[in-house]
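**Q** Sharing a structure with you now.
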Amino acid sequence: MENASLLPWLTGTAFLHSVMMQEKRGMMKVWNVWLVFSTFLMCILGTFLTRSGVVSSVHAFANSHIGPWFVGFIIVTLTVCTAAYFKNRDYLKSENVLDSMVSRESSFLFNNLLFLVACIAVLSGTLFPVFSEWFTNNRISVGAPFFNKVMIPIGLAILFLTGVGPLLAWRKTSIDSLKRNFGRPLIMAAIATVVSFFLGYKDGASLLCFFLCGFVFWTIVMEFYRGAKVIAARTGMSMMMAAHELSMRNTRRYGGYVVHFGMVLVFIGLAGAAFNTEAQKAMNVGESLKLGPYALVLQSADTKAEKNYTAQRMIVEVMKGNKEIMMLYPEKRQFQGTEQAAGTMVAIYSTLREDLYVVYAGMDPETNMPVIHAFLNPLVKWIWLGGVWVVMGTLLALMPNRRAQLVVVGATQPAVAPGEPVLTPQNVRLREGHD
């Protein structure tokens, strides 16, 4: 289900970027039309995968007879889209061509290609069990190792282009402009990498991700700073107020930058996945389990009766450096009137740096002791924070632009000698220099 929902997000995000080339340069019209068609088709295909039972998954629905109807609808939709394209293709001719490989247009082009490759990779990995069963009569599933191997390089490349795009000019970027625009972001990215290394994050792919996150973050800061500086100089506003005014004058552009910042936070959280650790132990009361900097001490166990379930609860003390942090209460719940397996309730201790999950995994059949299973996952909260920023950036981008206003301040007119003409300004127009 997660893969099915990701497919239209990838093609839709590609369209949101490439449509800017159509607005600015009149390019990629055919590509954009098919991206829109593909996004709708991916929504229907994802529904087919989860509702028909063609792909076995704990998050998919059971087998049903609705699958052929979805296949028929996909075929009809594809036929209509193809007919609409051929009928209107004369209106979809590009008005310009790509002038240089070192330009903002090329960054959007490579961005779209990477999103398309990511979509194909996710789709092929999701459908591989189906194809393998068709051709070999043996259903073979692909798991996390396949997706990690394929998607990590693609994701890092997309993150790199997220920072490069705003630094490149339309049509062509000069060497001097590249040196001037890339200098500070690269320095800040190097500093972020060094800091991450000394904080203990020493995995190669994660360090590269931290480098690119620092690079993208600083390009976003530069974009806001340059525009806010111009407005502050003209109006006398503070930099913070000028940045707010800048965002409201071009909500689509700066809302997009806020979304990019949110994705930087998400990538920081994803980089922490390389350092996930776990430990499991059958414990008596008073024994401890060591996991990273934490020691989990089983203090006691009890049974808690609620209105519709009975919970068997472990009371675990979290210690860090001989200092008590907090008490956690993982439990298993057996609901009344049902013979389903007991529900497991995870106890969580969460900080910006890491999340500690403690699970009561049941009783060890050999020793009859409770089994505590603990997970230490760094930087998980950054993913949630990134999601919040993505939502805020989206809301900003949906707001209408605020028009720049000309503020007229009274001034004393200089004295004019008798007989000299008086000049009166006519047809005054205000132009904004920042795009």
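**Q** Counting only protein heavy atoms, what percent of the accessible surface of region 167-240 is carbon or sulfur at a 1.4 Å probe? The partial results should precede the final answer.
**A** Working: 2980 of 4240 Å².
With neighbouring chains kept in place, the figure for region 167-240 is 70 percent.
**Q** Return the distance in nm (one decimal) between the two label points of a simple spin-label model at Q336 and L98, each offset 7 Å from Cα along Cα→Cβ.
**A** 6.8 nm
**Q** Something else now. Using only Cα atoms, tell me the angle between helix 251-271 and the longest principal axis of the chain; keep it within 0 to 90° and round to the nearest 10.
**A** In the chain, helix 251-271 runs at an angle near 30 degrees to the longest axis.
**Q** Could I ask something else about it? Distances longer than 16 Å among the Cα atoms of region 129-197: what percent of all pairs is that? If you can, show how the numbers build up before the last one.
**A** Numbers: 1629 of 2346 pairs.
That tail contains 69 percent of the Cα-Cα pairs.
**Q** Over region 215-349, average the accessible area per residue using a 1.4 Å probe and give it in Å², no decimals.
**A** Working: 7120 Å² over 135 residues.
So region 215-349 comes to 53 Å² accessible per residue, rounded to a whole number.
**Q** Hey, quick one: spin label on I66, modelled 7 Å out along Cα-Cβ, who in region 33-54 has an amide N within reach, i.e. under 16 Å?
**A** Hits in region 33-54 for I66 at 16 Å: 43-54.
**Q** Quick check on the chain: helices-only [θ] at 222 nm, where DSSP H runs of length 4 and up contribute -39,500 (n - 2.57) each and the sum goes over total residues. Nearest 500, please. Provide the component values of the computation, followed by the final result.
**A** Working: 10 runs with 230 residues, N = 435.
So the helix-based figure for the chain works out to -18500 deg cm²/dmol.
**Q** What whole-number value in Å² describes the accessible area per residue of region 93-141 for a 1.4 Å probe?
**A** With all protein chains present, region 93-141 gives 57 Å² per residue.
**Q** State which entries of K24/K179; K307/K332; K281/K332; K24/K172 exceed 19 angstrom in Cα-Cα distance in the structure shown.
**A** Numbers: K24/K179 25 Å; K307/K332 15 Å; K281/K332 17 Å; K24/K172 14 Å.
Among K24/K179; K307/K332; K281/K332; K24/K172, the Cα-Cα distance tops 19 Å for K24/K179.
**Q** Relative to the longest principal axis of the chain, what angle (0 to 90°, nearest 10) does the C-alpha long axis of helix 380-398 take?
**A** Roughly 30 degrees, rounded to the nearest 10.
**Q** Calculate the radius of gyration of the Cα atoms of region 1-152 to one decimal place, then report Dmax, the largest Cα-Cα distance, as a whole number, both in Å.
**A** 17.8, 52
**Q** Nearest 20 debye, what's the magnitude of the dipole of region 259-312 about its Cα centre given +1 on Lys and Arg Cβ and -1 on Asp and Glu Cβ?
**A** Details: 4 positive and 4 negative charges, 5 e Å.
That gives region 259-312 a dipole magnitude of about 20 debye.
**Q** Continuing with this model, one more query. Have a look at V371, F37, V194 and report the one farthest towards the positive end of the charge dipole of the chain, computed about the Cα centre with Cβ charges (Lys/Arg +1, Asp/Glu -1).
**A** The residue sitting most towards the positive pole is F37.
**Q** Another question about this same structure. Enter the per residue convex hull volume of region 91-159, computed from alpha-carbon coordinates, in Å³ rounded to the nearest integer.
**A** Numbers: hull volume 8.9 nm³, N = 69.
Per-residue hull volume (Cα only) is 129 Å³.
**Q** Turning to a different aspect of this structure: Could you give the length gained by full extension between I44 and A233, i.e. 0.36 nm per residue of separation minus their alpha carbon distance, to one decimal place? Could the numbers behind the result be given before it?
**A** Working: separation 189, 0.36 × 189 = 68.04 nm, distance 5.14 nm.
Here the answer is 62.9 nm.
**Q** Still on this structure, please answer the following. Dividing the alpha-carbon radius of gyration of region 194-280 by 2.2 N^0.38 Å (N being the number of residues), what value is obtained?
**A** After normalising by residue count via 2.2 N^0.38 Å, the value is 1.44.
**Q** Kirkwood hydrodynamic radius (Cα pairs, Å) of region 267-352? Intermediate values should be presented prior to the final figure.
**A** Numbers: mean 1/r = 0.0671 Å⁻¹.
Kirkwood radius, region 267-352: 14.9 Å.
**Q** Just how far, in whole angstrom, is region 15-49 from region 356-387 if you go by their alpha carbon centroids?
**A** So the separation of the two Cα centres works out to 41 Å.
**Q** What ranking, highest mean first, results for peptides 356-365, 13-22 when packing means the other Cβ atoms within 10 Å averaged over each residue? Walk me through the intermediate numbers first.
**A** Working: 356-365: 17.5, 13-22: 19.7.
Order by mean packing, descending: 13-22, 356-365.
**Q** Let me ask something else about it. Dipole size in debye (nearest 20) for the chain around its Cα centre, Lys and Arg Cβ +1, Asp and Glu Cβ -1? Intermediate values should be presented prior to the final figure.
**A** Values: 37 positive and 26 negative charges, 286 e Å.
Result for the chain is approximately 1380 debye, rounded to the nearest 20.
**Q** Quick one: helix 144-164 against the long Cα principal axis of the chain, what's the angle to the nearest 10°, folded into 0 to 90?
**A** Once rounded, one gets 20 degrees.
**Q** Could I ask something else about it? With the calculation restricted to Cα positions, what are the radius of gyration and Dmax of region 85-237 in angstrom?
**A** Final numbers for Rg and Dmax: 21.2, 73 Å.
**Q** Rank-order 188-201, 251-264, 376-389 by packing density, defined as the average count of other C-beta atoms within 10 Å over each peptide's residues, highest first. Let's see the in-between values first.
**A** Details: 188-201: 15.4, 251-264: 20.4, 376-389: 18.0.
The densest-packed peptide leads the list: 251-264, 376-389, 188-201.
**Q** Considering every pair of different Cα atoms, what Kirkwood radius, in Å, is found for the chain? Numbers along the way, then the final one.
**A** Values: mean 1/r = 0.0375 Å⁻¹.
Final number for the Kirkwood radius of the chain is 26.7 Å.
The values are calculated or read from the model by the stated rules, or taken from the named source; none is laboratory data. Bear in mind the structure is a predicted one, so any value in this text is a computation, not a measurement. No Cβ is skipped: glycine too gets one built from the backbone with ideal geometry, and neighbour counts run over all protein chains shown. In case anyone asks, the SASA skips ligands and DNA or RNA and just uses the protein heavy atoms, side chains included. Shrake-Rupley method; radii C 1.70, N 1.55, O 1.52, S 1.80 Å.
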